[in-house]
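The values are calculated or read from the model by the stated rules, or taken from the named source; none is laboratory data. Here the structure is a predicted model, which is why all the values come from computation and not from measurement. No Cβ is skipped: glycine too gets one built from the backbone with ideal geometry, and neighbour counts run over all protein chains shown.
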Amino acid sequence: MLSLEGMPEHSPLGASGASRWMKCPGSVSFGKGDSGESSIYAQTGSAAHSVLEVCLTTGQGAWELIGQWYDPEEDFLVELIKGDHADVDPSYIKIDKEIADGVQVMLDEVRKRHPDASDNNSWVERVFHARAIHPLMYGRSDFTYYDDEAKTLHAELKAHYETCQTKAPFSKVFGMKKLDSGNYEFRAKRNGTNSQGQQNEKPRVIDGMKQPLADTAFWGGSKGSIKVTAYPVTDPDGNGGVSLLIDTVQVTHAVYGGGGLDDFDEVPTTMSGGVDEALDDFGPAAAPAPQEVPAQADIDDEIPF
């Protein structure tokens, strides 16, 4: 269990003050010597954190805790039968509808993004210390979710990189990105040319029966699987990592459209005045002869998955 014993209670590089110290690093030194006395606003925030912790742990809604009290000295909620200030310590903070409404916003977002959250893949009020970033960057994370599949793939790609004869230490998987939903996206590219500048073969595109897909002009929203090859690379800045290159794409559900023109209505074309009048000596252009669409159209140079 990570311990922050001996550290100040609040990190001078805490997340709550990041909008300030990231813009003005000097503000960190300016805050030294502060008495650290907690205001009613800070205590109310701590009360909200306590409500959030209880709800994430028990599965309750924030509204169910309205009427309980927060003890700032012990940092936990106290359930009292008599809901009158005269019966409680004057330093206690009552959980009211305003606090509950604010906490419920966070609860709804967590439960929407991570419906599978459990003791096996998430933590509540988890202590962290990001020493690799800065010795004074530490604190507690309200909610931490562990994306097992993405982490496993990242670890496998890193291990692959380290088996290759590369000078630069591993830094990242190029094209790996965390989405707003909390999931991870990996992007694989089509390797157009080899090291000699020669054109590589196009990636294979097959259907659900593992046969060549007749029409590869499918749209976004199509579903299937992708086979990629991991290559060790070094970017212009000298960062080493793994780049994913498309090998084969299997399309199990293809979505097709009208050549990208489905958003337009079919309406007659008219001309009136302006530059168009200078073209009156020209007759209507003959429609070009229809051409057969090649069976093997190019697929995008980059595919997210």
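Brief remarks on what is shown
- Hits in region 108-146 - residues which are among the hydrophobic types (A, V, I, L, M, F, W, C) and farther than 15 Å from Val51 by Cα: Ala117, Trp123, Val127, Phe128, Ala130, Ala132, Ile133, Leu136, Met137
- For region 199-254, a residue qualifies if it is touching a Cys at 6+ places or on another chain (Cβ under 6 Å) and either at pLDDT below 85 or basic (Lys, Arg) (or both), but none of them does.
- Residues satisfying the stated conditions in region 167-185, i.e. of a type outside the set (Lys, Arg) and at pLDDT 80 or above: Ala168, Pro169, Phe170, Ser171, Val173, Phe174, Gly175, Met176
- Of the numbered criteria (1) in contact with a Lys or Arg (Cβ under 8 Å, 6 or more places away or on another chain); (2) in the same structural domain as Ser118 (by TED's automatic domain parsing), the one Leu136 fails is (1).
- Ser39 vs. criteria assigned by TED's automatic domain parsing to the domain that holds Tyr70, closer than 24 Å to Glu74 by Cα, more than 29 Å from the chain's Cα centre (by Cα) and at pLDDT 75 or above: yes
- Taking region 120-154 as the range and being of a type in the set (Lys, Arg) and within 30 Å of Val228 (Cα to Cα) as the test, only Lys151 passes.
- Region 47-79, residues that are small (Gly, Ala, Ser) and farther than 20 Å from Ser91 by Cβ: Gly59, Gly61, Ala62
- Check on Lys178, closer than 30 Å to Val28 by Cβ and outside the structural domain of Thr57 (by TED's automatic domain parsing): yes
- When residues of region 3-29 are limited to those that are hydrophobic (A, V, I, L, M, F, W, C) and surrounded by 13 or more Cβ atoms within 10 Å (Cβ to Cβ), the one modelled with the lowest pLDDT: Leu4
- Test: residue in region 97-110 that is modelled with pLDDT under 80 and surrounded by fewer than 12 Cβ atoms within 10 Å (Cβ to Cβ): no
- For region 44-62, the criterion of being in a helix (DSSP H, G or I), surrounded by 11 or more Cβ atoms within 10 Å (Cβ to Cβ) and at pLDDT below 85 is met by none of the residues.
- If you filter region 111-129 down to residues that are in a loop (DSSP other than H, G, I, E, B) and over 20 Å from the mean Cα position of the chain (by Cα), you find that the one that is modelled with the highest pLDDT is Asp119.
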